[in-house]
Amino acid sequence: MRRQLLGWAALPVLGYAGLVAWLFSKQRDLIYLPEGTRIDVPQTDFTLARGDVQLHGWVLHAQAGRPVIYFGGNAESVHNRREMLDRLLPDRAVYLVSYRGYGTSGGQPTETMLLGDALALFDDVRARHPDEPIAVIGSSLGSGVASYVASQRAVSQLVLIAPFDSLTAVAQAHYPMFPVRWILRDRFDSIDRLRGYEGEVMIVRAALDQVVPPANTNRLIAAFGKPPKVVDLPQAGHNTISGDPVFERALADFLR
């Protein structure tokens, strides 16, 4: 009887351990969601070679100056941003490139690969536009990519849309019962990477965001030595920021 009771008592522990193991093995499937972003290569007009992987995307106003690079969210088709950025930034070159594994870009997404690709893209844009300031926009997951680029390269202006302090902290907020801080591989630790950033920063914060908790955005804001410009959208959620006219006006004014 005692052995049987001990066996029953062990079931919750085994079940919990099984869930932790499942989260560990499937974590990148939960972070990166490229399935809805697929597109054919002929629909793109820009290619960046990264070893044996080709990254594809788009360029707006290629002959214009003061380029802007856009990094999207974890389930975002970045080509859907072309109309808005074309309209808001008619006098700036704009580069939008799908992450590896997204759109028609090859490879598989991981933090290490995405960050390396982002630096390569920045360097390519700088070679195309020598001696011109380069601005970077990062939305949601892309805020983590953009933050890394700003910590490694001379980014003149940085726009972070629905950003977080770290992906680890956000994941822990959503899964408080699991040891996320111990098992997460891709951490996107923006708060540490941006502490020394001295360029112009605009942060867009949605009051109804249920994906990135406001506390995580607030911690990032508080970490800047030089207070960033903060745009609050009281009626917007995580996925409705781009449709808010306040956001569009603020983005155009900041990057004009």
Please find, among Leu23, Leu55, Leu89, Leu33, the residue that is at pLDDT below 90, of a type outside the set (Phe, Trp, Tyr) and surrounded by 11 or more Cβ atoms within 10 Å (Cβ to Cβ).
Leu23
Can you name every residue in region 238-252 that is in a loop (DSSP other than H, G, I, E, B) and exposed (fewer than 15 other Cβ atoms within 10 Å of the Cβ)?
Thr240, Gly243
Please tell me if Ser151 is farther than 23 Å from Leu85 by Cβ and crowded, with 22+ Cβ neighbours inside 10 Å.
no
Filtered residue count, region 89-117, keeping only those that are more than 16 Å from Phe188 (Cα to Cα) and part of a loop (DSSP other than H, G, I, E, B):
13
Residues that are buried (at least 18 other Cβ atoms within 10 Å of the Cβ) and touching a residue at least 60 places away in the same chain (Cβ under 8 Å), drawn from region 108-128
Pro109, Glu111, Asp117, Leu121
For region 168-189, does any single residue satisfy the condition of being free of Cβ contacts under 8 Å to residues at least 60 places away in the same chain, among the hydroxyl-bearing types (Ser, Thr, Tyr) and buried (at least 21 other Cβ atoms within 10 Å of the Cβ)?
no
From the list Ser105, Ser98, exactly one residue is free of Cβ contacts under 8 Å to residues at least 60 places away in the same chain, of a type outside the set (A, V, I, L, M), closer than 13 Å to Leu48 by Cβ and crowded, with 20+ Cβ neighbours inside 10 Å. Which is it?
Ser105
Residue that is modelled with the highest pLDDT [pool: residues in region 164-216 that are in a loop (DSSP other than H, G, I, E, B), within 21 Å of Tyr148 (Cβ to Cβ) and hydroxyl-bearing (Ser, Thr, Tyr)]
Ser166
Selected residue [in the same structural domain as Val159 (by TED's automatic domain parsing), crowded, with 17+ Cβ neighbours inside 10 Å and of a type in the set (Gly, Ala, Ser)] from Ala215, Ala206
Ala206
Go through region 176-211 and give me each residue that's under 24 Å from Pro227 (Cβ atoms) and aromatic (Phe, Trp, Tyr).
Phe188, Tyr197
For region 227-248 the number of residues that are at pLDDT 95 or above and either of a type in the set (Asp, Glu) or not assigned by TED's automatic domain parsing to the domain that holds Glu200 (or both) is 2
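The values are calculated or read from the model by the stated rules, or taken from the named source; none is laboratory data. Since we're looking at a predicted model, the values are computed, not measured. Counting neighbours? That spans all protein chains shown, and the Cβs are built from the backbone with ideal geometry, glycine included.
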